[in-house]
1. Any residue that is part of a loop (DSSP other than H, G, I, E, B) and over 24 Å from E3 (Cβ atoms) - is there at least one of those in region 99-119?
2. Mind listing just one residue for me: the one in region 51-71 that is surrounded by fewer than 19 Cβ atoms within 10 Å (Cβ to Cβ) and of a type outside the set (D, E, K, R) and, of those, modelled with the lowest pLDDT?
3. Tally time: how many residues in region 108-120 are over 16 Å from E14 (Cα atoms) and within 14 Å of the chain's Cα centre (by Cα)?
4. Looking at the structure I just gave you, is K42 basic (K, R), part of a loop (DSSP other than H, G, I, E, B) and surrounded by 13 or more Cβ atoms within 10 Å (Cβ to Cβ)?
5. Run T47 past the list (1) within 12 Å of the chain's Cα centre (by Cα); (2) part of a helix (DSSP H, G or I); (3) of a type in the set (S, T, N, Q) and report the number of the one that doesn't hold.
6. Go through region 47-91 and give me each residue that's in contact with a helix residue (DSSP H, G or I) (Cβ under 7 Å, 6 or more places away or on another chain), of a type outside the set (G, A, S) and more than 24 Å from V12 (Cβ to Cβ).
7. Filter region 20-35 for residues that are assigned to a loop (DSSP other than H, G, I, E, B) and within 14 Å of N72 (Cβ to Cβ); which is nearest to the chain's Cα centre (by Cα)?
8. How many residues, within region 72-105, are surrounded by 17 or more Cβ atoms within 10 Å (Cβ to Cβ) and small (G, A, S)?
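The values are calculated or read from the model by the stated rules, or taken from the named source; none is laboratory data. Every value quoted in this text rests on a predicted model; they were computed, and no experiment measured them. Cβ atoms come from the backbone with ideal geometry, glycine included; neighbour counts cover every protein chain shown.
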Amino acid sequence: MKEKPVAIRIEVPEKFGPAYDSEDGRQWVERRQRVSGAVLKKLIEVTKNILSDEKAFAEVAKVLAKVFPAWNLEGDDGPLPQPWENAKAFHALFESDYRLMDWVGSLPFSTVGELLDLKN
């Protein structure tokens, strides 16, 4: 396993409600600071059919597993698997909360500056 990249921590927005509050504060995801054009191109190519095509979602999950080093997200049954190099973690997130999965999937397209604005 490669070393995890430098990342920025983003809290789950309040619009998702209190389900993402925990004893330690708001739940969060970490997104690597550098996201290559190749990664974004791949995400754009395969996200067109993400809800109707299992292969497309599997490809998206593989790409996202290279973008998100960590999170402390929990579903109804407890902590979700860690995302780093683990496509199954995104399947678990999808099953837990599709709208949150949609938000996480949008984060690679944000600049670090935009992500810092989310924190303020």
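1. Checked against the condition, which is being part of a loop (DSSP other than H, G, I, E, B) and over 24 Å from E3 (Cβ atoms), region 99-119 yields no hits at all.
2. Ranking the candidates gives L51 first.
3. Summing the residues that are over 16 Å from E14 (Cα atoms) and within 14 Å of the chain's Cα centre (by Cα) in region 108-120 gives 3.
4. No.
5. Of (1) within 12 Å of the chain's Cα centre (by Cα); (2) part of a helix (DSSP H, G or I); (3) of a type in the set (S, T, N, Q), only one is false for T47: (1).
6. If the condition is that a residue be in contact with a helix residue (DSSP H, G or I) (Cβ under 7 Å, 6 or more places away or on another chain), of a type outside the set (G, A, S) and more than 24 Å from V12 (Cβ to Cβ), then N49, E59 are the ones that fit.
7. Across region 20-35, the extreme among qualifying residues is Q27.
8. 4
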